[in-house]
Amino acid sequence: MMEKVTRLFGQVDMTEGTPWKKIVAFTVPMLIGNVAQQLYNTVDSIVVGKYVGDNALAAVGSASPIFNLLLVLFVGISMGAGIMVSQYFGSRDRENLSKTIGSSITLTAAACVILMIIGTVSIRPLLVLLKTPDSIIDWCTSYLLILLWGVVGLAYYNILCGILRGLGDSLSALVYLLVATVLNIGLDIWFVAGLSMGVAGVALATVIAQLVSAVLCLIKLRKMTDLFDMNAQYLRPDSKNILTVIRLGLPSGLTQAIFSLAMVVVQSLTNSFGEMIIAANVIIMRVDGFAMMPNFSFGTAMTTYAGQNVGAKQYDRVKQGARQGTLIAVCTSAAITGLILLFGPYLMGIFTNTLELAQLSANMMKILAAGYIAMAVTQSLSGVMRGAGDTVTPMWISLMTTVAVRVPLAYGLVYLTRTPELPQGRYESLWISLLSAWVLGALITFGFYRLGRWKKKAL
């Protein structure tokens with residue numbers, strides 16, 4: 001049985017065979033893995049919401065955009081390394097493949113030190129700047145500090161998973177993540193329900209589980225000596241490879257930074273509506289994480305697919321896979337969105353015992369529904385461009401739709417809907433602005449993909 005699974009979903013060479021079959025074989029383990037990874041934050045929210053209360057749920061959610069903003073260094077390194085690994089794997093360049101992997105490991109260690117120093121001194125002032133309610137600010141602070149002090153596990157898991165996927169192996173990352181997820185759930189319940197550690201308990205559980213998954217990924221990579229070498233020689237910083245990782249990864253890191261910063265700015269607006277809307281936003285974002293997973297999974301798969309085939313100089317095959325992969329992503333997203341809408345109130349009720357909060361969250365989720373299908377197009381075609389080496393175009397699209405559309409539209413709609421009965425404006429504006437940005441992003445991404453300038457960006 002295990003041999004059949006490995007044969008179907010093991011290491012995938014995407015430069016040969018039927019494109020859509022290769023894409024699906026690569027995506028399925030990654031999609032399951034993304035479900036497991038989303039369970040980290042979801043279980044945190046469920047446990048604190050049920051055992052501590054709605055304010056603790058709001059605290060965990062308010063902390064998430066800030067933590068995501070601090071993680072942009074690793075997003076950039078992971079994307080840059082993944083693109084280089086997939087292209088060097090496609091061209092069978094063992095020397096540069098080994099240098100890229102070694103340099104990425106060393107670069108990640110330096111990034112961890114920088115993040116821990118910057119994050120520790122900036123978290124509390126940032127929470128105050130965002131007008132985080134006094135009732136949850138202490139919980140937010142302790143949650144973020146624990147995650148930062150244990151950031152090594154999260155950083156290396158994401159970097160090493162990016163390398164494994166670049167090599168066409170999404171199955172190993174899935175297995176290790178499932179082990180860590182089970183551990184995280186067990187520790188969450190023990191620390192919070194058993195030891196009454198509150199918000200700090202879910203943060204500590206996450207840190208321990210992520211460290212385990214990172215160690216397992218490293219052990220796997222050290223065994224793949226048939227593809228590359230991992231020794232002290234290649235762990236020494238190689239300026240050329242590090243600069244290329246940064247050049248390719250910086251736009252993706254900036255994209256994540258822009259998105260996270262916009263989330264932080266909008267979080268300030270969300271906070272002005274009080275704890276109930278903050279908690280509703282947390283629930284929506286947790287369910288949103290599951291709705292987005294097919295999009296992100298297919299986007300990553302398309303990056304690896306395009307990278308390997310660009311490395312092998314098979315551009316017609318890249319375009320064929322782009323069409324097939326995007327169509328499958330759209331159909332998958334539509335099916336999952338339909339299920340979320342159908343069972344919305346029941347899903348929201350998992351996070352809270354407050355009926356009003358569950359119904360409010362379900363109603364807001366309906367606003368975002370069409371946006372998930374639009375994001376399937378954005379993520380798939382952006383993945384193709386990134387895999388080919390064009391990481392700048394997706395960055396500019398994200399910059400325009402997030403900074404120039406989402407944030408101003410959110411604040412503008414809130415201002416325009418103010419009335420004597422609703423002095424803060426209508427909270428629905430928060431999600432209408434997000435939907436608008438997603439749809440516009442899909443249209444622009446499709447246009448730039450059709451222009452074809454990404455074909456000239458290969459290493």
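The values are calculated or read from the model by the stated rules, or taken from the named source; none is laboratory data. Everything numeric here is computed off the predicted structure, so don't read it as measured data. Cβ coordinates were reconstructed from backbone atoms using ideal geometry, including for glycine residues, and neighbour counts include every protein chain displayed. Each accessible area value is taken on the protein alone, full model and side chains, heavy atoms only, with ligands, DNA and RNA left out. Shrake-Rupley method; radii C 1.70, N 1.55, O 1.52, S 1.80 Å.
Selection of first residues in region 146-172 that are closer than 19 Å to residue 297 by Cβ and of second residues that are among the basic types (Lys, Arg) and modelled with pLDDT of 80 or more, restricted to Cβ pairs under 6 Å at least 6 apart or on distinct chains, gives the following pairs, ordered by first then second residue: 172/220.
Do we have residue 268 as out of contact with any strand residue (DSSP E or B) (no Cβ under 8 Å at 6 or more places or on another chain), open to solvent by less than 30 Å² (accessible area, probe 1.4 Å), of a type in the set (Gly, Ala, Ser) and modelled with pLDDT of 85 or more here? Step through it out loud before you land on a result.
Details: out of contact with any strand residue (DSSP E or B) (no Cβ under 8 Å at 6 or more places or on another chain): yes; open to solvent by less than 30 Å² (accessible area, probe 1.4 Å): yes; of a type in the set (Gly, Ala, Ser): yes; modelled with pLDDT of 85 or more: no.
Answer is no for this residue.
Taken as a whole, the structure leaves residue 101 outside the set of residues that are part of a helix (DSSP H, G or I), more than 19 Å from the chain's Cα centre (by Cα) and surrounded by fewer than 24 Cβ atoms within 10 Å (Cβ to Cβ).
Scan region 397-417 for residues that are more than 19 Å from residue 302 (Cβ to Cβ), open to solvent by less than 20 Å² (accessible area, probe 1.4 Å) and under 20 Å from the mean Cα position of the chain (by Cα) and report the count. Steps first, please.
From region 397-417, those more than 19 Å from residue 302 (Cβ to Cβ) are 399-417; that's our starting set.
Narrowing the set further to residues that are open to solvent by less than 20 Å² (accessible area, probe 1.4 Å) leaves 401-402, 406, 410, 414.
Restricting the remaining residues to those that are under 20 Å from the mean Cα position of the chain (by Cα) gives 401-402, 406.
Residues in region 397-417 being more than 19 Å from residue 302 (Cβ to Cβ), open to solvent by less than 20 Å² (accessible area, probe 1.4 Å) and under 20 Å from the mean Cα position of the chain (by Cα): 3 in total.
Within region 106-121, the residues that satisfy the criterion of being closer than 19 Å to residue 200 by Cα and either open to solvent by less than 40 Å² (accessible area, probe 1.4 Å) or aliphatic (A, V, I, L, M) (or both) are 116, 119, 121.
The test for being in a helix (DSSP H, G or I), closer than 30 Å to residue 408 by Cβ and touching a residue at least 60 places away in the same chain (Cβ under 8 Å) does not hold for residue 209. Candidates 234, 305: the one that is more than 21 Å from residue 173 (Cα to Cα), aromatic (Phe, Trp, Tyr), in contact with a helix residue (DSSP H, G or I) (Cβ under 6 Å, 6 or more places away or on another chain) and touching a residue at least 24 places away in the same chain (Cβ under 8 Å) is 234. Here residue 182 clears all of (1) out of contact with any helix residue (DSSP H, G or I) (no Cβ under 6 Å at 6 or more places or on another chain); (2) assigned to a helix (DSSP H, G or I); (3) touching a residue at least 40 places away in the same chain (Cβ under 8 Å) except the condition numbered (3).
For region 223-250, a residue qualifies if it is in a helix (DSSP H, G or I) and open to solvent by 10 Å² or more (accessible area, probe 1.4 Å), and the qualifying residues are 232, 233, 234, 235, 239, 240, 242, 243, 244, 246, 247, 250.
Take the residues in region 383-396 that are in contact with a Ser or Thr (Cβ under 7 Å, 6 or more places away or on another chain) and open to solvent by less than 10 Å² (accessible area, probe 1.4 Å); name whichever of them is farthest from residue 438 (Cα to Cα). Give the steps one after another, and end with the answer.
Restricting attention to region 383-396, the residues satisfying the condition of being in contact with a Ser or Thr (Cβ under 7 Å, 6 or more places away or on another chain) are 383, 385-387, 391, 394-395.
After this cut, where a residue has to be open to solvent by less than 10 Å² (accessible area, probe 1.4 Å) as well, the list is 383, 385, 387, 391, 394.
Details: 383: 16, 385: 18, 387: 21, 391: 19, 394: 13 Å.
The selected residue is 387.
Kindly establish whether residue 314 is within 27 Å of residue 101 (Cα to Cα) and open to solvent by less than 10 Å² (accessible area, probe 1.4 Å). For residue 314, the condition - within 27 Å of residue 101 (Cα to Cα) and open to solvent by less than 10 Å² (accessible area, probe 1.4 Å) - is not met. Looking at region 427-438, is at least one residue under 30 Å from residue 306 (Cα atoms), surrounded by 23 or more Cβ atoms within 10 Å (Cβ to Cβ) and among the polar types (S, T, N, Q)? For region 427-438, residues under 30 Å from residue 306 (Cα atoms), surrounded by 23 or more Cβ atoms within 10 Å (Cβ to Cβ) and among the polar types (S, T, N, Q): absent. I'm trying to understand the selection: among the residues of region 1-37, which are within 19 Å of the chain's Cα centre (by Cα) and at pLDDT below 70? If the condition is that a residue be within 19 Å of the chain's Cα centre (by Cα) and at pLDDT below 70, then 37 is the only one that fits. Of all the listed residues (289, 299), the sole one being of a type outside the set (Phe, Trp, Tyr), under 22 Å from residue 56 (Cβ atoms) and assigned to a helix (DSSP H, G or I) is 289.
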